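Undergrad: The structure is given below, and queries will be raised subsequently.
The values are calculated or read from the model by the stated rules, or taken from the named source; none is laboratory data. Note that the structure is predicted; figures quoted are calculated from it, not measured. Neighbour counts run over all protein chains shown; Cβ positions are idealised from the backbone, glycine included. SASA here: full protein model, heavy atoms, side chains in, ligands and nucleic acids out. Shrake-Rupley method; radii C 1.70, N 1.55, O 1.52, S 1.80 Å.
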Amino acid sequence: MVSHARWKLARDEKAAQGIAEDPEVERRREEISLAFDLGQAVYDRRAALGLSQTELARRAGMTQPQVSKLELGGTVPTVPLLARLARAMEAMFRMELFDSSIRVTFTDLDGNTPEESGAAPPSTEPVSAAEAETEADTGTERTAATG
């Protein structure tokens, strides 16, 4: 199996040689990137609020595995689902499109993230040991902007 770094290097070498990428491959790459960015935005807001995946799922009318898949970039959520997530996280959802870049964020209703406003995250119900283990297993670090 080819590592991601070698695959990217091969793609960059083809681009340097003037070999264009198939438009369908490029479209799919952008879709995958958007899924990761949306998932990272959900994860960032949930973590800033101190919510477990289970609690967010309950608030948004989803299951914990659905939240996990979303946060890991395994699916591109629909607009109605993004609206439910925003309400569940008491936030505004913003998507900024410029050139070939997309930036997605969930912010406090006053436009700030919890870190910017200095507000303490809302208290949540205690998390069981099984839920805490699930939370630890699903955490990954990604950047929330593409481009």
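Undergrad: Here's a check for you: in region 1-23, which residue that is acidic (Asp, Glu) and assigned to a helix (DSSP H, G or I) is modelled with the highest pLDDT?
TA: Here the residue is Glu13.
Yes/no per residue for (1) at pLDDT 50 or above; (2) touching a Ser or Thr at 6+ places or on another chain (Cβ under 8 Å):
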residue	(1), (2)
Leu72	yes, yes
Asn112	yes, no
Ala120	no, no
Gly139	no, no
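Undergrad: Same structure, new question: Please determine, by comparing only the residues of region 24-73 that are open to solvent by 50 Å² or more (accessible area, probe 1.4 Å) and outside any helix (DSSP H, G or I), which one is nearest to Ile102 (Cα to Cα).
TA: That would be Leu72.
Undergrad: Those residues that are open to solvent by less than 60 Å² (accessible area, probe 1.4 Å), part of a helix (DSSP H, G or I) and either more than 26 Å from Arg27 (Cβ to Cβ) or small (Gly, Ala, Ser) (or both), I need them from region 74-102; list them, please.
TA: Selection gives Ala83, Ala86, Ala88.
Undergrad: Still on this structure, I have one more. Scan region 55-75 for residues that are of a type in the set (A, V, I, L, M, F, W, C) and closer than 16 Å to Ala86 by Cβ and jot them down.
TA: Correct list: Leu56, Ala57, Ala60, Met62, Val67, Leu70.
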